[in-house]
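Novice: Take a look at this one; I'll ask things after.
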Amino acid sequence: MESNYQDRIPNNVGLGANRTLQRALEHWQPEFLNWWHGLGPSDFNASSVYLRTAISVDTKGWATFDYVKMPDYRWGIFLAQEENDRRVGFGDHFGQPVWQQVPGEHRSTLRRLIVTQGDTEPASVEQQRLLGHTAPSLYDLRNLFQVNVEEGRHLWAMVYLLHAYFGRDGREEAEELLERHSGDADKPRILSTFNEPISDWLSFYMFTYFTDRDGKFQLKSLAESSFDPLSRTCKFMLTEEAHHMFVGDTGIGRVIKRTIEVMKELGTDDPLALRKAGVVDLPTIQKYLNFWFSSSLDLFGGDSSSNAASYFANGLKGRPDEIKYEDHIEAESSFTLELPDGKGGVREERIPMRNAVNEVVREAYVRDCEKGLARWNRHLEEAGYPQRMTLPSTRFRRTLGSWANVATSPEGKPIAQEEFNSHLDEWLPTPDDRAYVHSVMHGVFERGKMASWIAPPERGINTQPINFEYVKFH
Ligand code: BYC
């Protein structure tokens, strides 16, 4: 299908040939823009931002760079190319042709999955809406807005599926995606992490590293879906997601690098001395990491989940890179979970593999997270410091699954609740830590300049220099 970039809604789904669908989406478009103006990035809508826009899905068109005012960004509907004779890759229908329409018996489950995915996209934009004011550089400001407009496009992707395949229910769900709001007491976003405030840039980098990475794994799982339009949509979303994680990965790396520079200059790792010098001390960075990593772990769902088992059995949602697994049916296989034994210890339990899919995916996610830590720790190693950033155990500070509300140390050792409480200030950001981090957040809007607490990036965007005018305020 050819890309049509001239339509009011750019697309490669032949929208022009389906007047009813086109009208329905054109009706939703002003509601989306209303939402963007009310709850999208605050105050920068008149600025020209050096953004990449997807105008097609081929290598030439998916990343076209130019100055754009955010409300004029062309939020389009793009699906990856259809694969010839694609077959169901896992579960009970393995080997059968994939579905181009929604099977009646899976309609409400697929709708729920698409709504849950769709709900996270505008949620993250809402969470980040005030960050522009305190951006540490024009380069970072541009990256924030790039992430925001693309999350907006990912919302469009899910809304397209809801409108095109789920009739009136789908249209109602699309409206509700703009009615729930992050942190709203009455109508919160669906998943926990998407109601946490992101009010400083250290949290933003942690979120784009850890939470966007959940996005990567969930999108990869949905890209395996037998419902082919969902699979193709997610495949294309994944190309954009990589930059979001890059922003988090390099952002955290730059914060650590700058802290090391000042540790060297001052000859101390004393947090108070470092704070006086305007950088974020390593223990505080570790506490932020503990917070966002543990929160993001909950986004994979329960470790033993009958929902996950039925998604897998029915071919609705698979495992990332399903092709790498030997057994695509997993009807007989099992998985050993480590569970709290209720007496301060750990016990093992074998559960059917299908019920453990969330845990399998979570484990793959943890391995992927470790790569960033290795990179950040290299900065410390090269500078000759013994400190290292670590990932806490997957049992630590969970609110969901078998380890929910079980007190453990960051290493995963079950401990008494009193002991947990007495260490909280060492393990998670305190109000003081947050107040300090907030206190160094000031907008730096001069070309090439960086805030005191972060090192410059290694290179600019799209081969532009670091001192490029990434955002023009007029
Ligand atoms: N918070 O059987 P269970 C992204 C609910 S991020 C609140 O344990 P299941 C992005 C669950 O919905 C990726 N509720 O888990 C990143 C279920 O409720 P119902 C987003 C939670 O169903 C950055 C109940 O608890 N995409 O793209 O196997 C920026 C029992 O669930 C939570 C997706 O998540 C939680 N943390 O798996 C922008 C993919 N966890 O249905 C974007 C779609 C679970 O009984 N979603 N619950 O009322 C899914 O595949 C699944 O819903 C989950 C949960 C993986 C989330």
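This table checks each residue for (1) in a helix (DSSP H, G or I); (2) more than 30 Å from residue 315 (Cα to Cα); (3) over 19 Å from the mean Cα position of the chain (by Cα).
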{"residue": "361", "(1), (2), (3)": "yes, no, no"}
{"residue": "370", "(1), (2), (3)": "yes, no, no"}
{"residue": "374", "(1), (2), (3)": "yes, yes, yes"}
{"residue": "381", "(1), (2), (3)": "yes, yes, yes"}
{"residue": "384", "(1), (2), (3)": "no, yes, yes"}
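Novice: I've got another one for you. Looking at this structure, is residue 249 under 26 Å from residue 360 (Cβ atoms), open to solvent by less than 40 Å² (accessible area, probe 1.4 Å) and not in a helix (DSSP H, G or I)?
Specialist: Numbers: under 26 Å from residue 360 (Cβ atoms): yes; open to solvent by less than 40 Å² (accessible area, probe 1.4 Å): yes; not in a helix (DSSP H, G or I): no.
Spelling it out, it is not the case that residue 249 is under 26 Å from residue 360 (Cβ atoms), open to solvent by less than 40 Å² (accessible area, probe 1.4 Å) and not in a helix (DSSP H, G or I).
Novice: Within the stretch 287-297, is there a residue that is in a helix (DSSP H, G or I), open to solvent by 10 Å² or more (accessible area, probe 1.4 Å) and of a type in the set (A, V, I, L, M)?
Specialist: No, there is no match, as no residue in the stretch 287-297 is in a helix (DSSP H, G or I), open to solvent by 10 Å² or more (accessible area, probe 1.4 Å) and of a type in the set (A, V, I, L, M).
Novice: A follow-up question, please. Could you grab me the full set of residues in the stretch 338-362 that are within 15 Å of residue 395 (Cβ to Cβ) and touching a Pro at 6+ places or on another chain (Cβ under 9 Å)?
Specialist: Once the filter is applied, which keeps residues that are within 15 Å of residue 395 (Cβ to Cβ) and touching a Pro at 6+ places or on another chain (Cβ under 9 Å), the stretch 338-362 yields 340, 341, 344, 345, 346, 347.
Novice: Next up: Based on this model, can you work out whether residue 86 counts as under 30 Å from residue 183 (Cα atoms) and out of contact with any strand residue (DSSP E or B) (no Cβ under 6 Å at 6 or more places or on another chain)? Step through it out loud before you land on a result.
Specialist: On the way: under 30 Å from residue 183 (Cα atoms): no; out of contact with any strand residue (DSSP E or B) (no Cβ under 6 Å at 6 or more places or on another chain): yes.
Answer is no for this residue.
Novice: Still on this structure, please answer the following. Collect the residues in the stretch 37-63 that are touching a helix residue (DSSP H, G or I) at 6+ places or on another chain (Cβ under 8 Å), assigned to a loop (DSSP other than H, G, I, E, B) and either surrounded by 14 or more Cβ atoms within 10 Å (Cβ to Cβ) or on the phi < 0 side of the Ramachandran plot (or both), keeping them in residue-number order.
Specialist: 40, 41, 42, 44, 45, 47, 54, 57, 62
Novice: When residue 356 is evaluated against the numbered criteria (1) assigned to a loop (DSSP other than H, G, I, E, B); (2) more than 21 Å from residue 227 (Cα to Cα); (3) within 11 Å of the ligand (Cβ to nearest atom), which criterion, by number, is the only one it fails?
Specialist: Exception for residue 356: condition (1).
Novice: When you look at residue 231, is it at pLDDT 95 or above and in a loop (DSSP other than H, G, I, E, B), yes or no?
Specialist: Details: at pLDDT 95 or above: yes; in a loop (DSSP other than H, G, I, E, B): no.
No: the conditions fail for residue 231.
Novice: Also: Pairs needed: first member in the stretch 1-13, closer than 11 Å to residue 79 by Cα; second member anywhere, of a type in the set (A, V, I, L, M) and at pLDDT below 75; C-beta distance under 9 Å; at least 6 residues apart or different chains.
Specialist: 11/1; 12/1; 13/1
For every residue, the table says whether it meets (1) under 16 Å from the mean Cα position of the chain (by Cα); (2) small (Gly, Ala, Ser); (3) within 12 Å of the ligand (Cβ to nearest atom).
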position: 107; (1), (2), (3): no, no, no
position: 118; (1), (2), (3): yes, yes, yes
position: 127; (1), (2), (3): yes, no, yes
position: 144; (1), (2), (3): yes, no, no
position: 175; (1), (2), (3): no, no, no
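Novice: Find the residue count for the stretch 277-309, including only residues that are within 14 Å of the ligand (Cβ to nearest atom) and free of Cβ contacts under 8 Å to residues at least 40 places away in the same chain. Write out each step before concluding.
Specialist: Keep residues of the stretch 277-309 that are within 14 Å of the ligand (Cβ to nearest atom), which gives 292-309.
Subsequent filtering for residues that are free of Cβ contacts under 8 Å to residues at least 40 places away in the same chain retains 307.
Of the residues in that region, 1 qualify.
The values are calculated or read from the model by the stated rules, or taken from the named source; none is laboratory data. Note that the structure is predicted; figures quoted are calculated from it, not measured. Here the Cβ is made from the backbone with ideal geometry for all residues, glycine too, and neighbour counts use every protein chain on show. For accessibility, only protein heavy atoms count, side chains too; no ligands or nucleic acids. Shrake-Rupley method; radii C 1.70, N 1.55, O 1.52, S 1.80 Å.
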